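Reviewing the structure listed below.
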């Protein structure tokens with residue numbers, strides 16, 4: 001039997017791949033999500049949580065401007081979001097969506113999960129980059145969870 005944590009981890013991996021596919025192919029969220037459910041979920045070692053997957057894949061495009069602003073604010077001045085690898089962008093976008101829209105998932109869990117997702121795709125410095133960026137964003141978007149005062153300009157979507 002698959003645990004909820006395993007099902008959500010599989011959903012996150014699929015969501016990152018779906019967002020990457022949407023960016024590369026120009027496909028819409030519903031079309032790509034349906035393709036993943038029908039064709040790719042069966043290939044996963046653990047069955048993904050379909051509802052959780054759909055909330056991420058549909059939520060990211062709906063809030064992409066705000067998500068991208070949050071990511072850009074976490075990058076050094078030398079980096080622009082467009083310079084970030086497309087898979088890393090998909091990882092960060094999914095994670096920021098969860099940090100802001102999925103308050104049922106603790107911020108530290110979101111960070112740990114997407115660092116693990118980054119580790120599934122990359123072996124070098126990228127998981128550390130994801131960790132640093134998400135820690136920065138989580139401390140702004142979920143300040144109370146980290147024992148910090150909420151910045152006035154960070155009220156979510």
message: in a loop (DSSP other than H, G, I, E, B) and without any contact (Cβ under 8 Å) to a residue 60 or more places away in the chain: is that true of residue 59 in this structure?
response: no
- prompt: In this structure, is residue 100 in contact with a helix residue (DSSP H, G or I) (Cβ under 8 Å, 6 or more places away or on another chain), at pLDDT below 95 and either part of a helix (DSSP H, G or I) or more than 17 Å from residue 70 (Cα to Cα) (or both)?
  reply: yes
- request: Return the only residue of 116, 33, 120 being surrounded by 16 or more Cβ atoms within 10 Å (Cβ to Cβ) and either closer than 22 Å to residue 7 by Cα or touching a strand residue (DSSP E or B) at 6+ places or on another chain (Cβ under 9 Å) (or both).
  value: 33
message: For region 19-48: of the residues being in contact (Cβ under 8 Å) with a residue 40 or more places away in the chain and closer than 18 Å to residue 90 by Cβ, which is nearest to the chain's Cα centre (by Cα)?
response: 19
query: Would a scan of region 123-139 turn up a residue that is part of a helix (DSSP H, G or I), farther than 19 Å from residue 16 by Cβ and either modelled with pLDDT of 95 or more or over 14 Å from the mean Cα position of the chain (by Cα) (or both)?
result: yes
statement: Here the qualifying pairs (Cβ atoms under 6 Å; residues six or more apart or on different chains; first in region 128-139 and on the phi < 0 side of the Ramachandran plot and free of Cβ contacts under 8 Å to residues at least 60 places away in the same chain; second assigned to a helix (DSSP H, G or I) and surrounded by fewer than 17 Cβ atoms within 10 Å (Cβ to Cβ)) come out as 139/146
field: Long-range neighbours under 8 Å by Cβ, at least six apart or interchain, first residue at pLDDT below 80 within region 68-84, second part of a loop (DSSP other than H, G, I, E, B) and loosely packed, with under 10 Cβ neighbours inside 10 Å
entry: none
message: Here is a list: 70, 5. Which entry is within 22 Å of residue 145 (Cα to Cα) and either out of contact with any helix residue (DSSP H, G or I) (no Cβ under 7 Å at 6 or more places or on another chain) or in a loop (DSSP other than H, G, I, E, B) (or both)?
response: 5
field: Scope region 36-56; condition in a helix (DSSP H, G or I) and touching a helix residue (DSSP H, G or I) at 6+ places or on another chain (Cβ under 8 Å); matching residues
entry: 36, 37, 40, 41, 50, 52, 53, 54, 55, 56
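The values are calculated or read from the model by the stated rules, or taken from the named source; none is laboratory data. Please read all numbers here as calculations on a predicted model, not as lab measurements. Note that each Cβ is placed from the backbone with ideal geometry, even for glycine, and that neighbours are counted across all protein chains shown.
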